[in-house]
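One structure is given here, and the rest of the page talks about it.
The values are calculated or read from the model by the stated rules, or taken from the named source; none is laboratory data. Model, not experiment: these values are computed from the prediction. Glycine also receives a Cβ, built like all others from the backbone with ideal geometry; neighbour counts cover every protein chain displayed.
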């Protein structure tokens, strides 16, 4: 079983995606469920988790609508306003009562776009993350290296919440074989047992036109050592990945990067760990990449 733990669906005509600048112009078009189904089926991927890309609740409802019967989507990582903890419980309850509300498995905010590196340390944000954990949901951390220390603080303050680091913490792969600002806090996060890490978003943190497996390996090898085979997940970051590679190329690169591990470890990274991190088992029977 292969589960893609991280991809997106969007239609720029339905809402504003602030990060869709001219630098990523090829992404400024709809990427819908039929597009997803085609790339997953071609790659032999069985199911997937769709992740928010717009900081508003309306998008979460759109993503839940895509998680219906015969959809490959078995989980949705949505959005709530973490700066308003008094509203979070009500918003999560509203999602739960929406069509396919049981597909909500996590929450994320685009912290990477916040100018304050300590955004995650805010008391209101901390209380909201605690409420997310009480609902049995995971919290996805999409941060850049300057924000990783605040991410450590958020995890340490919420030991009962499951956390998932997106894109291995977005190290500056294009700048070389090491990133000292990234390494220290990532080691600290890996030492905390309630944190999983997605092997995702690698090719777009590298040079889009000249990335190599060895450049990626300089970062994935230590991450694999720090987190171990039980807390790593494959994620494509499709369609963002298409700026640098096809879906097939991303999956092929991941297979090559973990080829030296055992078959059991590969099965965990390619699917089983995603089931555990997002508690997907109740939804898996409804998900399929195949028509009909």
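Scanning the stretch 81-98 turns up one or more residues that are more than 27 Å from residue 148 (Cβ to Cβ), in a loop (DSSP other than H, G, I, E, B), modelled with pLDDT of 95 or more and in contact with a helix residue (DSSP H, G or I) (Cβ under 9 Å, 6 or more places away or on another chain). Against the conditions (1) under 18 Å from the mean Cα position of the chain (by Cα); (2) at pLDDT below 95, residue 133 satisfies every one except (2).
Within the bounds of the stretch 30-40, is there any residue that is touching a helix residue (DSSP H, G or I) at 6+ places or on another chain (Cβ under 7 Å) and surrounded by fewer than 22 Cβ atoms within 10 Å (Cβ to Cβ)? Checked the stretch 30-40: no residue is touching a helix residue (DSSP H, G or I) at 6+ places or on another chain (Cβ under 7 Å) and surrounded by fewer than 22 Cβ atoms within 10 Å (Cβ to Cβ).
Let me confirm something: among 110, 92, 82, which residue is in contact (Cβ under 8 Å) with a residue 40 or more places away in the chain, within 20 Å of residue 196 (Cβ to Cβ) and surrounded by fewer than 24 Cβ atoms within 10 Å (Cβ to Cβ)? Of 110, 92, 82, the one residue that is in contact (Cβ under 8 Å) with a residue 40 or more places away in the chain, within 20 Å of residue 196 (Cβ to Cβ) and surrounded by fewer than 24 Cβ atoms within 10 Å (Cβ to Cβ) is 110.
In this entry, residue 39 passes the filter for residues that are over 30 Å from residue 122 (Cα atoms) and in contact (Cβ under 8 Å) with a residue 40 or more places away in the chain.
The set of residues from the stretch 1-39 being more than 21 Å from residue 60 (Cβ to Cβ), in contact with a strand residue (DSSP E or B) (Cβ under 9 Å, 6 or more places away or on another chain) and part of a helix (DSSP H, G or I) comprises just one member, 39.
Can you pull out the residues in the stretch 168-210 that are loosely packed, with under 13 Cβ neighbours inside 10 Å, on the phi > 0 side of the Ramachandran plot and part of a helix (DSSP H, G or I)? Hits for the stretch 168-210: nothing passes. Tally time: how many residues in the stretch 138-151 are surrounded by fewer than 21 Cβ atoms within 10 Å (Cβ to Cβ) and assigned to a helix (DSSP H, G or I)? Total satisfying the criteria: 3.
Considering only residues in the stretch 99-117 that are under 17 Å from residue 58 (Cα atoms) and in a loop (DSSP other than H, G, I, E, B), the one that is nearest to the chain's Cα centre (by Cα) turns out to be 110. May I ask you to verify whether residue 291 is on the phi < 0 side of the Ramachandran plot, part of a helix (DSSP H, G or I) and modelled with pLDDT under 95? No; evaluated as a whole, the condition is false for this residue. Residues in the stretch 54-78 that are surrounded by fewer than 24 Cβ atoms within 10 Å (Cβ to Cβ), touching a helix residue (DSSP H, G or I) at 6+ places or on another chain (Cβ under 8 Å), without any contact (Cβ under 8 Å) to a residue 60 or more places away in the chain and not in a helix (DSSP H, G or I): 66 alone.
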